[in-house]
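Only one structure is covered here, and it is reproduced in the block below.
The values are calculated or read from the model by the stated rules, or taken from the named source; none is laboratory data. Just so we're clear, the structure is a prediction, and the values are computed from it rather than from any experiment. Neighbour counts run over all protein chains shown; Cβ positions are idealised from the backbone, glycine included. Only protein heavy atoms, including side chains, enter the accessible area calculation; ligands, DNA and RNA are left aside. Shrake-Rupley method; radii C 1.70, N 1.55, O 1.52, S 1.80 Å.
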Amino acid sequence: MFARWISPGSVRLTLLLWLLTVTVALGSASELKVRVRLADGQITDELLEADSERDSITVEFKQGDGTLITFVADFKQDVKIFRALILGELERGQSQYQALCFITRLNHNEIIPSESMARLRQKNPQAIRTAEEKRSTEMLSMNVAVNLTRTWQLSAHIHNMCSVAREAVYTREADVRHWLDRGMEGSMFEPQAVEVPGLQSCGTVKDLWQPCSCSYNLRLEWYPCLLKYCRNRDVSGRGSPYKCGIKSCSKGYQFTYYVPHKQLCLWEEET
C-alpha cells in the first residue's frame, strides 16, 4: 500500500479542493465559520458543519503550510475520520498534493453531539478563537490498511472522504478487532508492517526508495468538546440545570504507518 499522489490534470487545484469540500458537506444542516489561531501563530478560517439527520460533524481548515485538514465524526457508527491533503514538493519530483486518510473509533464525550453543534452561534464572527483546554497528543500506530470498496458498512462517510487517498487509508489493529466483533467483514482490512524489527523511521533513512515507518502529525486547534451547564434557582432555592455554552478544546494526533519508500514521507526530514 502506498500514498497516492494526485496528478494536476486539467482541473485547477482550487476546483479540486472545492469539490472535495462539497462532497464532504452534502446533506449538512448547518454550518459555522470561526477564526482560529494555529500553533504557529497564523490565523485560519475553520468551518464546522453539523448534520443532525446523518448524526455527524465535520471540521475543516487549512494549515499554515497549505495542508487542508478535514475531520468527520460519525456518531451513528462511532467512527472518526481524518483526511490530510498535503502540498507536494515539485522540485523533488512530487505532484501537487498527497492525500492521507486515518480512521479510528469515536469515543463518547470526545466532541459535542451533532444536534448541539447545529444550534451553535457566535456573537462576534471576527473574534480569533483559542481553545480553553489543550489536550495531550494521542499516539496512534496505524498498522492496518483499509480497502475502500468495502467501507460502506463501517461508515457511509469514508468513501466520500478517502476516495482521493485510495491506497493511503489506514486504521489500528485494536479498532479492527472491535469492528470484527460487531460483524464487519475482515476482507476490508490488510495488516501493515509498521513495527517490524529493523524497519527504520523515515527521518533516519537516507535512501528515498527505502521502506520506512512514517509519522504524520496534525492538531485540531479548536473544536467544541463539551457542553457547559448552568443552574436556575427558584424561590425555594432549588436549581435546575440547563445548557449555557460550550467548552473548546485543542488536541493533537500522531499517526505512524508503513510506507514502501521514503519519498512518500519527506516531511520527516524537517522534524
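Using only Cα atoms, find the angle between the long axis of helix 13-25 and the longest principal axis of the chain, and express it within 0 to 90 degrees, rounded to the nearest 10.
Here the helix axis deviates by roughly 50 degrees.
Please give the net charge around TYR253, taking every other residue with its beta carbon less than 9 angstrom from that of TYR253, where Lys and Arg add +1 and Asp and Glu add -1.
It works out to a net charge of +1.
For the stretch 175-271, which chymotrypsin sites (Phe, Trp or Tyr not before Pro) are in a loop by DSSP, counting at most 10 other Cβ atoms within 10 Å?
Those satisfying the criteria are TRP209.
Mind giving me the FRET efficiency for LYS33 and ASP55? R0 is 30 Å, r the Cβ-Cβ distance, nearest 0.05 is fine.
Computed FRET efficiency for LYS33 and ASP55 comes out at 0.90.
What length, rounded to one decimal in nm, is gained on full extension from ARG233 through to THR204, with 0.36 nm per residue of separation minus their alpha-carbon distance?
In short, 4.3 nm is gained.
Counting other Cβ atoms within 10 Å, keep those with at most 14, restrict to DSSP loop, and tell me which trypsin sites (Lys or Arg not before Pro) in the stretch 217-271 are left. Provide the component values of the computation, followed by the final result.
Details: sites: ARG219, LYS228, ARG231, ARG233, ARG238, LYS243, LYS247, LYS251, LYS262; in loops: ARG238.
Filter output for the stretch 217-271: ARG238.
Quick one: if the Förster radius is 22 Å, what FRET efficiency do SER95 and ALA156 give, using the C-beta to C-beta distance and rounding to 0.05?
0.15
Tell me the per residue accessible area of the chain using a 1.4 Å probe; a whole number in Å² is fine.
Using a 1.4 Å probe on heavy atoms only, each residue of the chain averages 51 Å².
At a Förster radius of 41 Å, what calculated FRET efficiency corresponds to the Cβ-Cβ distance of GLU190 and ALA127, to the nearest 0.05? The partial results should precede the final answer.
Working: r = 45 Å, r/R0 = 1.11.
Efficiency, rounded to the nearest 0.05: 0.35.
Using +1 at the C-beta of Lys and Arg and -1 at the C-beta of Asp and Glu, which of TYR258, GLY239, PHE82 has the Cα lying farthest in the positive direction of the dipole of the stretch 8-264?
Result: GLY239.
Please give the net charge around TRP152, taking every other residue with its beta carbon less than 15 angstrom from that of TRP152, where Lys and Arg add +1 and Asp and Glu add -1.
Cβ neighbours under 15 Å give a net charge of +2.
How large is the helix-only mean residue ellipticity at 222 nm for the chain, computed as the sum of -39500 (n - 2.57) over DSSP H runs with n ≥ 4, divided by its residue count, in deg cm²/dmol to the nearest 500?
One gets -3500 deg cm²/dmol as the mean residue ellipticity at 222 nm.
What net charge is computed for the residues neighbouring LYS262, neighbours being all others with C-beta under 12 Å from the C-beta of LYS262, Lys and Arg scored +1, Asp and Glu -1?
After counting each charged neighbour, the total is -1.
Going highest first, how would you order 133-142, 165-174 by mean Cβ packing within 10 Å? If you can, show how the numbers build up before the last one.
Numbers: 133-142: 14.6, 165-174: 20.8.
So the order, starting with the most tightly packed, is 165-174, 133-142.
Please report the carbon-and-sulfur percent of the accessible area for the stretch 8-264; probe 1.4 Å, protein heavy atoms only, DNA, RNA and ligands left out.
So the carbon and sulfur contribution to the accessible surface is 50 percent.
Using only the alpha-carbon atoms, what does the chain span along each of its principal axes? Please give whole angstrom values in decreasing order.
So the three principal-axis extents are 75, 44, 35 Å.
State whether the stretch 59-123 is rounded, prolate or oblate according to the following rule on the C-alpha gyration tensor (a ≥ b ≥ c being the square roots of its eigenvalues): a/c under 1.5 gives rounded; otherwise a/b larger than b/c gives prolate, and the remaining case gives oblate.
Details: a/c = 4.42, a/b = 1.90, b/c = 2.33.
Since a/c reaches 1.5 but b/c is at least a/b, the shape of the stretch 59-123 is classed as oblate.
Please give the solvent-accessible surface of LEU87 in Å², to the nearest 10, using a probe radius of 1.4 Å with every protein chain present.
Roughly 80 Å² of LEU87 is accessible to a 1.4 Å probe.
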